[in-house]
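Accompanying notes for the structure given below.
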């Protein structure tokens, strides 16, 4: 059977794997741990909620999950007709209105180039993401300051894709980290020095598995900055993987990390805020040692090649307020939804916020925070 799998033509393999992924995103959540059906808040209640007002000395970090603005491989069919220029139009004002704006760049920025050969022979690597170099300007115009390159698609086009991506981001002033060749970065905004590093279970990225090494990287970077942002790409993929299992995760026979152990280790080493991605669905949040951990921000802006069916279409924008020590003050979840024909749009029913609230209550009953149906996130009252 194994010999038959490797003998399949690449296009047949890609079709088979696409079917598997779409099936995963349409699976129901696990009944043993899933919270009850999501309540349906009234639209007027959702729209009436005022945003959390940060204090003058507060740092605001805007964070989103996976971003992939179409792929030019194997042809331009899955590139947006407007050259991606309106990808973030619905929410650009919120992305720009932050001290720092972060997201996960799922794929490479590259014109031309051939796929990494090994990608065609791995069951979980049937998606090959290559965005035109010009699309980097779309991220810049939307307000992104720092991007994670630690994921399973940064290597779709090998060293050529990674090198091109770094060169392009350097040229437009977007910071990045997560590769073994570029582990982390320090950049300054309005007199505050921010550090950033990211981890994943994939080749050529900083390893999510080696906790002592991760702690060393994080602690050394913390010495060079005021606020340290850490990201990880980990966990299974699809609707069956909304919950944090508190154990090593696997997906299609690949280990994907113990994200709870990683996140706590990162905070112990000096991380001030942690943003997870990878499962293509939202996950819970918690406060650990006065630091916020968001275990997955799901998909945010992923054009055509990533399923947005059901809960995979929830697209939260998390705006976190920290004090100058990096301690969590409060946050706000702005709920959006993705649609392959309509793109990214605001969701007046706040379904992303409601789902994160449910998952947080189910997975972290002592999370140290309270999430409202309208997206406000506050520290839990002292008992």
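Only the coordinates and a few stated rules stand behind these numbers; no lab work does. Fair warning: this is a prediction, and the values are worked out from it, not measured in the lab. No Cβ is skipped: glycine too gets one built from the backbone with ideal geometry, and neighbour counts run over all protein chains shown.
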note = Rounded to the angstrom and largest first, Cα extents along the principal axes for region 191-261 equal 43, 22, 20
inquiry  = If I stretch the segment between residue 89 and residue 171 completely, what's the gain in nm (0.36 nm per residue apart, minus their alpha carbon distance), one decimal?
reply    = 27.2 nm
ask   = Which values, in whole Å and largest first, are the semi-axes of the equivalent ellipsoid of region 184-336 obtained as the square root of 5 times each eigenvalue of the Cα gyration tensor?
value = 25, 19, 14
query = So what's region 259-309 giving for Cα Rg divided by 2.2 N^0.38 Å, two decimals?
reply = 1.30
Neighbour-count ranking [beta-carbon atoms within 10 angstrom, fewest first] of 189, 351, 283 = 189, 351, 283
key: Alpha-carbon Rg with Dmax, taken over region 171-226, Å   = 11.9, 35
inquiry  = With the crude spin-label approximation of a point 7 Å out along Cα→Cβ, what separation in nm comes out for residue 324 versus residue 255?
reply    = 4.3 nm
request  = Between residue 75 and residue 361, with labels modelled 7 Å along Cα→Cβ, what's the label distance in nm to one decimal, could you check?
outcome  = 4.9 nm
query = If region 58-379 were replaced by its equivalent ellipsoid, with semi-axes equal to the square roots of 5 times the Cα gyration tensor eigenvalues, what would those be, largest first, whole Å?
reply = 26, 22, 20
message = Quick check: convex hull of the Cα atoms in region 237-287, volume per residue, rounded to a whole Å³?
response = 79 Å³
note = Across all Cα atoms of region 61-196, Rg and the largest Cα-Cα distance (Dmax), in Å, are 14.7, 48
inquiry  = Full-extension gain between residue 58 and residue 382, please, as 0.36 nm times their residue separation minus the C-alpha to C-alpha distance.
reply    = 114.5 nm
note = Taking 0.36 nm per residue of separation between residue 141 and residue 193 and subtracting their Cα-Cα distance, the length gained on full extension comes to 16.5 nm
